[in-house]
1. Starting at the first residue of the stretch 64-74, write each ³J(HN,Hα) from the Karplus equation 6.51 cos²θ - 1.76 cosθ + 1.60 with θ = phi - 60°, in whole Hz, x for Gly and Pro.
2. Between ARG80 and ALA54, what is 0.36 nm times their sequence separation minus the Cα-Cα distance? Round to one decimal in nm.
3. Which value in nm describes the separation of the simple spin-label points at GLN42 and ASP90, placed 7 Å from the Cα toward the beta carbon?
4. Could you give the length gained on full extension between LYS19 and VAL3, defined as 0.36 nm per residue of separation minus the Cα-Cα distance, in nm?
Amino acid sequence: MIVHEARFATELPGRLILKLCKHFRHKVPVEFDEQRGRVEFQPGLCFFTAEAGALHVRIEGGDEREIGRMHYILEDHIRRMQQLQSLQLDWQLAG
């Protein structure tokens, strides 16, 4: 199992969790509230946590291809929902 984590600075992380999870629930199983979210993507699991001034994202996948696919999905959706021109999260291998 490969685990990556990233943080995205935002003033309203809880609101972003709600937007992301409500969007994803139309295609995949999702559990969420204003502080946490869990998304069961086909390539692996994603967990969102609201922190002071940031959204913490944790992804778990079986191999680098699955992790790369989730990087793309999450960066694309956060970029679009935050109306950013570009976004590349600083993913770190979780220890």
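1. These are the phi-based 3J(HN,Hα) values: 4, 5, 5, 4, x, 5, 5, 3, 4, 4, 5 Hz.
2. Working: separation 26, 0.36 × 26 = 9.36 nm, distance 1.70 nm.
Contour length minus Cα-Cα distance gives 7.7 nm.
3. That separation, rounded to one decimal, is 3.3 nm.
4. On the way: separation 16, 0.36 × 16 = 5.76 nm, distance 2.34 nm.
Gain on stretching LYS19 to VAL3: 3.4 nm.
Read-outs: derived from the displayed coordinates by stated rules, not from any lab. Worth saying up front: this structure is predicted, and the values here are computed from it rather than measured. FYI the Cβ positions are ideal-geometry reconstructions off the backbone, even for glycines, and counts take in every protein chain you see.
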